[in-house]
Amino acid sequence: MSEAKLKEVAQVVSGQHLLDGEHNTAGVGIGYLTGPSDFGREVPTISRWTESPKATCQRGDVLVTVKGAGVGKINHAPPETVAIGRQIMAVRNDPSLLDSRYLAAFLSGQLTHFRDRAVGATVPGLSRGDLEDLTIPLPALPVQRRIAARLDQQMAEVETARSAASLLKRDLSRFRAAIYRDAFRRGVPVVIPPIRTEAPKDWRWKTLSKLSRLESGHTPSRQRPEWWGGNVSWISLTEIRALDGVWVEETKIRTNAEGIANSAARILPRGTVCFSRTASVGFVTIMAKPMATSQDFANWVCGDQLDPEFLMHALIASRKSLREIATGATHKTIYMPALESFHVCMPKIDEQRRIVRRLKAQLAEADAIAKAAAEQLAEIERLPQRLLARAFGGAG
C-alpha cells in the first residue's frame, strides 16, 4: 500500500486573523470561524460574520484547530464558503487521490501527535509544515471510502454508547436525590421559619440551636507562618467539596496550638457537624477527631437527642433550599441570625440512627454504580482514538 506526504495530496490553507471592526454578529457578510469554540461534533457553528475575509474554507475541506488549548480538533467545513481565523487551518483534498471523509478520520487520529507537536512559549500551536509533512496511508479511493464508512458506523455506535452512559450518570444523580427524599419523608428537613410543611407522624420540628451548640470558626493570621503546618487539622473551603458527606480524619491544611491560642479559632470535639456557609454554601462534613475550622463554617456540637450523621444528611437533603437563603453581592453567605433560626424535622434518636444506616447503605450502592458508570464512560471516551489507530495502523 502506498503512502504520501499530506502536501502531495492536499492543500493546507492557513486562517488569518480579523480585527474587531472587520467582523460582526449581525449576520452581515459570510460566516467567520475564529477557533475551537466554534467547533461542534462534526460541523462548526457560525456565530460571527465578515465582509472582509482574508482566508476562507470551502465545502469538502477538513478544518483543524492549530492554536490554543483546543489544538487538534477536527470538523468538516460548512457547505458554504466561510472565513477562517488564525486558530484554524483548512485541509483541501485532491479528490482524485484522497477522500475527504477518509482525510478527516486520519486527521482525527492524529490528536495525540498534534498536541505533542504543539509549541509556543505562551500559546501552543501547530505550523503549516506540521500538517503538510504528515505521512498519510494512501490505499485506492474505493478502499478509503470503505474505511471511512466503517469508521463512521463505529463512531455512531460510540456516540450511542456515550449518550447512554451520560444518561445513566444523570439518572444516578436523580437516584441519589430520590434516596434523600425517601429518607426524609419527601420533605425538606432543615428550614428557617415560617415552617410550611407538617412533620410526618412521630417526627417533630425543633430549633436546631436547642439540640446542639452552634460554633463558628476563625483563621489564625496568615502573616505568622509559625502558626501553620502543625498537628491541628483545620477545615477550610479549599477542601470542603472533597469532604462533603463524610467524616474527616485530617485535613491537608493544618494549624497548631499556638495558632489556636492566638486567634478566635476553637478546637471542637469529635462528631461536630461542619456546614460551609460562605461562597461554597451547603457542603457538610463531620469531625472524626478534635479539630478547628475557618470562619466560613457553622459548626454544630450535637446534644444527645440529635445524631450527627442524621444532621449532616438532613443538611445535604436541604442544600438547594438553604442555598436560596444565602445573601451577599460578592460571596453568598448564610449569616448567624439565620443559622440560629434553623429548624430541623426529626424523629427520636433511635429512629434517626436507623434512617442513617439505611441511607448510608443506599448511598454506598449508588456510589458503586456511579463509579462503574464513570469507568465505563472513560473507556467509551478512549474508544475513538483506539478505533482510528487500528484503522490507520492497518492501512499503513
(message) Please go through the stretch 284-319 and give me each residue that is among the polar types (S, T, N, Q), farther than 21 Å from T251 by Cβ and either open to solvent by less than 10 Å² (accessible area, probe 1.4 Å) or within 27 Å of the chain's Cα centre (by Cα) (or both), ordered by number.
(response) S318
(message) Which numbered condition in (1) touching a residue at least 12 places away in the same chain (Cβ under 8 Å); (2) on the phi > 0 side of the Ramachandran plot is the only one that R186 fails?
(response) (1)
(request) Would you be able to tell me the number of residues in the stretch 7-66 that are in contact with a His (Cβ under 9 Å, 6 or more places away or on another chain), in a loop (DSSP other than H, G, I, E, B) and β-branched (V, I, T)? (result) 2
(request) Just give me the residues in the stretch 7-63 being touching an Asp or Glu at 6+ places or on another chain (Cβ under 7 Å), open to solvent by less than 60 Å² (accessible area, probe 1.4 Å) and in contact (Cβ under 8 Å) with a residue 60 or more places away in the chain, in sequence order. (result) V9, A10, V12
(message) If I ask for residues that are aliphatic (A, V, I, L, M) and surrounded by 12 or more Cβ atoms within 10 Å (Cβ to Cβ), which ones from the stretch 343-371 would you list?
(response) V344, M346, I349, I355, V356, L359, L363, A366, I369, A370
(message) Quick check on my filter: what residues within the stretch 64-73 are hydrophobic (A, V, I, L, M, F, W, C) and open to solvent by less than 30 Å² (accessible area, probe 1.4 Å)?
(response) V64, V66, V71
(request) Considering only the stretch 208-222, state which residues are open to solvent by less than 30 Å² (accessible area, probe 1.4 Å) and farther than 30 Å from E258 by Cβ. (result) L208, L211
(request) Go through the stretch 293-329 and count every residue that is over 15 Å from Q352 (Cβ atoms) and in contact with a Cys (Cβ under 7 Å, 6 or more places away or on another chain). (result) 3
(request) With respect to S280, determine if the residue is out of contact with any Ser or Thr (no Cβ under 8 Å at 6 or more places or on another chain), surrounded by fewer than 21 Cβ atoms within 10 Å (Cβ to Cβ) and of a type in the set (S, T, Y). (result) yes
(message) Of the conditions (1) of a type outside the set (A, V, I, L, M); (2) without any contact (Cβ under 8 Å) to a residue 24 or more places away in the chain; (3) over 23 Å from L359 (Cβ atoms), R270 satisfies every one except a single condition; which number is it?
(response) (3)
(request) Please report, ordered by residue number, the helices (runs of 4 or more DSSP H) entirely within the stretch 85-189 with at least 2 residues that are open to solvent by 60 Å² or more (accessible area, probe 1.4 Å). (result) 111-117, 141-183
(request) State all residues of the stretch 128-154 that are within 31 Å of the chain's Cα centre (by Cα) and in contact (Cβ under 8 Å) with a residue 40 or more places away in the chain; if no residue qualifies, say none. (result) L151, D152, Q154
(message) I'm checking my understanding of the structure. Among residues of the stretch 232-251 that are closer than 14 Å to A292 by Cβ and of a type in the set (D, E, K, R), which one is least open to solvent (accessible area, probe 1.4 Å)?
(response) E239
(message) Looking at the structure I just gave you, is V12 farther than 26 Å from N93 by Cβ and aliphatic (A, V, I, L, M)?
(response) no
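The values are calculated or read from the model by the stated rules, or taken from the named source; none is laboratory data. Remember, predicted model here, so these are calculated numbers, not experimental data. All Cβ positions, glycine included, derive from the backbone under ideal geometry; neighbour counts span all protein chains shown. These accessible areas exclude ligands, DNA and RNA; they are computed on the full protein's heavy atoms, side chains included. Shrake-Rupley method; radii C 1.70, N 1.55, O 1.52, S 1.80 Å.
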